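Chemist: Before I ask anything, let me first share the structure, which is written out below as structure tokens.
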Amino acid sequence: MKAELPHDLVRTLLAVVDEGTFDAAAAALHVTPSAVSQRIKALEQRTGRVLLTRSRPVRPTESGQVVVRFARQLARLEDDARDALGMPEGGEGAGPSGPSRLPIAVNADSLATWFVPALASLAWDARVHVDLRREDEAHTTALLRAGEVMAAVTSSPHPVAGCSVRRLGAMVYLPVATPQFAARWLDGDPARLLPEAPVVCFDRRDELQDAFVGELTGGRGASLRRRHYVPSSEGFADAVTAGLGWGLVPRSQAEPRLHSDVLVQFLPGSTVEVPLYWQQWRLDSPALAAVATAVAAEAERALR
């Protein structure tokens, strides 16, 4: 006899992963924490696998990721079917806001510049309830693979298993600094001076500035010692504008500051382009298709 994955148990696992704790999942499902615990235990017994790491917040194991992905696909298909039939929203697991969310991973610079305007055309579409997760474009595919998101803006052209991929365009970055900073630190050969100059980086996974200097120096000076970490796209641009260091700032954020002379492009004509792709689950979902269409249209306008 074929083993089954009861939908109520699968939905409960998804709620625990999305809410982060058993208590929060119980509140979202309108059941007791004990009931949530019993359902997770029953699902683990049925699958013969440990599905959750009991941390704070809880995390799905590798086996749990498989079930989470199935649960999210199931929830999306149920919502689409309900919409097509004109059925009212609600039911266990729907939560106070009605239909399940569309979790999407987006890098910080896209989120701060072009991605939110892409969603403006969907403001009146009742099918679309987005849950944006900010993550570096080089790491968003990990969230797709884990089943935590259904779509992602990513720098990888290689589709995650079960996903489709399309090119969106390239995010263009300009190497900029304040005029005072450039005069103090960058008056001379940039290949020699940049490795020693203070630099602004987004976080410890941000390798964009290192790669830029490595390209200039042939790999000889890519170790940037004087770093400031500013994990916000807007804050990053503000830190460079304040003279904290040089940095690669998205063109749409840099150009107004260049025009007002608060920043200078210390290597005129030099740019860095980061290709961006849209990856999404291969799922026949009108809501997901609507988001993909809106994102592609805005990317065509905003990206290179």
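Chemist: Are there any helices (runs of 4 or more DSSP H) wholly within the range 6-78 with 2 or more residues that are closer than 19 Å to I104 by Cα and under 23 Å from the mean Cα position of the chain (by Cα), and if so which?
Modeler: Per the criteria, 7-19.
Chemist: With respect to the numbered conditions (1) under 23 Å from the mean Cα position of the chain (by Cα); (2) at pLDDT below 95; (3) more than 25 Å from T141 (Cα to Cα); (4) not acidic (D, E), which one is the sole condition not fulfilled by S285?
Modeler: In the conditions (1) under 23 Å from the mean Cα position of the chain (by Cα); (2) at pLDDT below 95; (3) more than 25 Å from T141 (Cα to Cα); (4) not acidic (D, E), S285 misses (3) alone.
Chemist: While we're looking at this one, here's another question. Among the residues of the range 161-170, write down those that are open to solvent by less than 10 Å² (accessible area, probe 1.4 Å) and either at pLDDT below 95 or among the aromatic types (F, W, Y) (or both).
Modeler: C163
Chemist: Something else now. What about T271, is it hydroxyl-bearing (S, T, Y), open to solvent by 30 Å² or more (accessible area, probe 1.4 Å) and under 25 Å from L168 (Cβ atoms)?
Modeler: Yes: the conditions hold for T271.
Chemist: May I ask you to verify whether R251 is basic (K, R), over 25 Å from A105 (Cβ atoms) and either open to solvent by less than 60 Å² (accessible area, probe 1.4 Å) or in contact with a Ser or Thr (Cβ under 8 Å, 6 or more places away or on another chain) (or both)?
Modeler: no
Chemist: Tally up the residues in the range 274-295 that are among the aliphatic types (A, V, I, L, M) and surrounded by fewer than 16 Cβ atoms within 10 Å (Cβ to Cβ), please.
Modeler: Summing the residues that are among the aliphatic types (A, V, I, L, M) and surrounded by fewer than 16 Cβ atoms within 10 Å (Cβ to Cβ) in the range 274-295 gives 1.
The values are calculated or read from the model by the stated rules, or taken from the named source; none is laboratory data. Keep in mind that this is a model prediction, so the values were computed, not measured. For neighbour counting, all protein chains shown are included, and Cβ atoms are generated from backbone atoms with ideal geometry for every residue, glycine included. Surface accessibility is based on the protein's heavy atoms, side chains included, excluding ligands, DNA and RNA. Shrake-Rupley method; radii C 1.70, N 1.55, O 1.52, S 1.80 Å.
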